[in-house]
Amino acid sequence: MIVRFLGTHNAESRNTRLVSFLIDDILAVDAGSLASELSFPEQEKIKAILLSHGHYDHIRGIPAFVFNNWHHTTKVFATQQTLEILSSHLIDGVIYPKFTERTSFLEKPALELLTLEPLKSEDIEGYRVLALPVNHGIDTVGFEITSKDGKKIFYTGDTGPGLLSLWEHISPHVLIADVTFPNRFENVAKDAGHLCPEMLKLELVEFRRVKGYLPQVIVIHLSPKLEEEIKEEVQEIATELSCSIGIACEGEKLII
Ligand SMILES: [Zn+2]
Ligand SMILES: [Zn+2]
């Protein structure tokens, strides 16, 4: 399994992109920078898109992506609420065409919205995908994605603390986890439904207690202006836990 990070931040700039990554070039997870970071031929390879939740920074690439790839049907998988947000705010027939419908310029719908039920694993393009609810204010899920050869990642999506109940359901080789703020913003992180390094540490301690091991951890969704502080604190918790914790970077590939 190859994970290719397209966007790894919570704010967009010339050097930072919104969250999106690819699995083996064919399965996209979140769509913050899906169109802007891929060539047209690369976009054509994508067979399905998973959306963790309906916040703008995770769904905003969908209209541009579908506009570029209208000649075939793109499947988007998400919970019911996330699909409703997408349909009512972005693919709404006002600011962009309703790509889910046949129109005068579309021979067939360019977009198919498919509902994912949390806790029920689905086969999507040869991957087993298990959506698990996390803590983020609006309806949000993380995804465990298992390849045919048994490689597993778990992406938390945007989440605050309290992930203990998830761990019994998953056994990832790699955990891709929200760390948006440094420790001094712990209260902001709790209010906004995100993690800081110290909060991630507590989640990982629980993971190790329940599962008996720690996966390789990669943090994502960083606030760019606070990134150096976050990196230092992430290294501190990696040392304390004696485990590997990396920082997701735009353009990097991770082979699992
Ligand atoms: Zn969010
Ligand atoms: Zn976000």
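Things worth noting here:
- Selection count where residues are surrounded by fewer than 24 Cβ atoms within 10 Å (Cβ to Cβ), over 13 Å from Leu195 (Cβ atoms) and within 16 Å of ligand 1 (Cβ to nearest atom), scope the stretch 133-168: 4
- Among (1) crowded, with 20+ Cβ neighbours inside 10 Å; (2) touching a residue at least 40 places away in the same chain (Cβ under 8 Å); (3) out of contact with any helix residue (DSSP H, G or I) (no Cβ under 7 Å at 6 or more places or on another chain) - the single one Asp24 does not satisfy: (1)
- Scanning the stretch 169-225 for residues that are of a type in the set (Asp, Glu) and within 16 Å of ligand 2 (Cβ to nearest atom), we see that the one that is surrounded by the fewest Cβ atoms within 10 Å (Cβ to Cβ) is Asp191.
- Tally, over the stretch 52-94, of residues that are part of a loop (DSSP other than H, G, I, E, B) and either in contact (Cβ under 8 Å) with a residue 40 or more places away in the chain or touching a Gly at 6+ places or on another chain (Cβ under 9 Å) (or both): 8
- Boolean, Ala110 is under 19 Å from Asp30 (Cα atoms), modelled with pLDDT under 95 and small (Gly, Ala, Ser): yes
- Apart from one condition, Tyr56 fits all of (1) aromatic (Phe, Trp, Tyr); (2) in contact with a strand residue (DSSP E or B) (Cβ under 7 Å, 6 or more places away or on another chain); (3) within 16 Å of ligand 2 (Cβ to nearest atom); the exception is (2).
- Unique match (being on the phi < 0 side of the Ramachandran plot, modelled with pLDDT of 95 or more and within 14 Å of the chain's Cα centre (by Cα)) among Ile176, Ile170: Ile176
- Boolean, Val94 is loosely packed, with under 13 Cβ neighbours inside 10 Å and either under 23 Å from Asp57 (Cβ atoms) or polar (S, T, N, Q) (or both): yes
- Whichever residue in the stretch 13-35 is away from ligand 2 (no atom under 16 Å from the Cβ) and part of a loop (DSSP other than H, G, I, E, B) and, among such residues, is nearest to Val219 (Cα to Cα): Asn15
The values are calculated or read from the model by the stated rules, or taken from the named source; none is laboratory data. Here the structure is a predicted model, which is why all the values come from computation and not from measurement. So basically every Cβ, Gly included, is an ideal-geometry build from the backbone, and we count neighbours across all protein chains shown.
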